[in-house]
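See below for the structure under consideration.
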Amino acid sequence: MSKLITPPKLQSFLEKLNTKFGKFIILRGYRSLPISYSNDIDVFVPKQDVVRFLRCLTDLDGLNTSVSILVSRLGLIKCDLVLESETIPFDILYGFYYFGLDYQDCEDLYQKSVLHHSQLFYTPVISDEIRISLLKELLHNNRVRTDKAAYLFDMLNECRLEIPTHFFNLKTVDLVADSIRDDNLELPDLSMRLKRDLLKHNLSEHLFLTIGNIFLFAAVKYIFKNSYHKNIIR
């Protein structure tokens, strides 16, 4: 289990951000919040609210904060958030893409999210959390992470019927669960089939938007890099 980190001002930061910005979703690792976190904090906000969210991060009454953009991708801004004297790895997501291919319905994620018991932020329903976590690893890394395997297996059994999508069907979900059970976490063949089905789904649903997103993904990653997000928040 990852070590918990407890910045003295973390709860105050979340309280003030909630008051100033409004609804945001912490995608995972929220069980120890608002007191502590492990590894990083991953936040989702709707695309149209990204600029306002970034500005709110550095305009919280009574707190000294700053944000440095480290890595930019379509749908993702990886940052360092400096909160007083503490540096917190802080990822802002506004979409979920594999090379421009959309693999999570953001509006559905936002609408179904539930208020955390602290009442300071929202969390995804468990099926959305597990689907996003699985697809991220399978699409980008062709595997299931060792440190997450046991938790994912338990949650897959809990919400198995709620996870499938048009391109990630129940048969594939069950194949992933069986592979985790058998401790077979490297899944290149399954990952390749999943990428093919994701491409077909995106092209069939939104042909021109998908082509545009593929080109935009490449442009952000290889050409504009961090200037893409730095420019939109000026």
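Buried (at least 17 other Cβ atoms within 10 Å of the Cβ) and hydrophobic (A, V, I, L, M, F, W, C), is that true of Leu156? Quick ask: steps written out before the conclusion?
Numbers: buried (at least 17 other Cβ atoms within 10 Å of the Cβ): yes; hydrophobic (A, V, I, L, M, F, W, C): yes.
So Leu156 fits the description; yes.
Mind counting the residues in region 39-80 that are touching a residue at least 60 places away in the same chain (Cβ under 8 Å), assigned to a strand (DSSP E or B) and in contact with a Leu (Cβ under 6 Å, 6 or more places away or on another chain)?
Number satisfying all stated conditions: 1.
Working only within region 15-38, note down all residues that are in contact with a strand residue (DSSP E or B) (Cβ under 7 Å, 6 or more places away or on another chain) and either assigned to a loop (DSSP other than H, G, I, E, B) or over 17 Å from Asp147 (Cβ atoms) (or both).
Correct list: Lys23, Phe24, Ile25, Ile26, Leu27, Arg28, Gly29, Tyr30, Leu33, Ser36, Ser38.
Name the one entry in Phe44, Phe53, Phe21 that is closer than 19 Å to Leu109 by Cβ, among the hydrophobic types (A, V, I, L, M, F, W, C) and in contact with a Cys (Cβ under 6 Å, 6 or more places away or on another chain).
Of the residues listed, the single one that is closer than 19 Å to Leu109 by Cβ, among the hydrophobic types (A, V, I, L, M, F, W, C) and in contact with a Cys (Cβ under 6 Å, 6 or more places away or on another chain) is Phe21.
I'd like the full set of residues that are touching a strand residue (DSSP E or B) at 6+ places or on another chain (Cβ under 7 Å) and either among the hydrophobic types (A, V, I, L, M, F, W, C) or surrounded by 18 or more Cβ atoms within 10 Å (Cβ to Cβ) (or both), limited to region 172-194.
Keep residues of region 172-194 that are touching a strand residue (DSSP E or B) at 6+ places or on another chain (Cβ under 7 Å), which gives 185-187.
Correct list: Leu185, Leu187.
Thr123 - would you say it is surrounded by 14 or more Cβ atoms within 10 Å (Cβ to Cβ), farther than 30 Å from Leu17 by Cα and out of contact with any helix residue (DSSP H, G or I) (no Cβ under 6 Å at 6 or more places or on another chain)?
Working: surrounded by 14 or more Cβ atoms within 10 Å (Cβ to Cβ): yes; farther than 30 Å from Leu17 by Cα: no; out of contact with any helix residue (DSSP H, G or I) (no Cβ under 6 Å at 6 or more places or on another chain): yes.
No; evaluated as a whole, the condition is false for this residue.
Could you check region 89-105 and list, in sequence order, the residues that are surrounded by fewer than 18 Cβ atoms within 10 Å (Cβ to Cβ) and in contact with a helix residue (DSSP H, G or I) (Cβ under 8 Å, 6 or more places away or on another chain)?
Result: Phe99, single match.
Restricting to region 105-118, give me the number of residues that are of a type outside the set (Lys, Arg), free of Cβ contacts under 8 Å to residues at least 60 places away in the same chain and either more than 13 Å from Pro46 (Cβ to Cβ) or in contact with a Leu (Cβ under 7 Å, 6 or more places away or on another chain) (or both).
3
This table checks each residue for (1) in a helix (DSSP H, G or I); (2) under 23 Å from Arg28 (Cβ atoms); (3) within 22 Å of the chain's Cα centre (by Cα).
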site: Tyr151; (1), (2), (3): yes, yes, yes
site: Pro164; (1), (2), (3): no, yes, yes
site: Asp178; (1), (2), (3): yes, no, no
site: Asp189; (1), (2), (3): yes, no, no
site: Leu199; (1), (2), (3): yes, no, yes
site: Ser204; (1), (2), (3): yes, no, no
site: Thr210; (1), (2), (3): yes, no, yes
site: Val220; (1), (2), (3): yes, no, yes
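Any read-out appearing in this document is the output of simple, stated calculations on the displayed coordinates, not a laboratory observation. A quick note: this is a predicted structure, and the numbers were derived from the prediction, not measured. Here the Cβ is made from the backbone with ideal geometry for all residues, glycine too, and neighbour counts use every protein chain on show.
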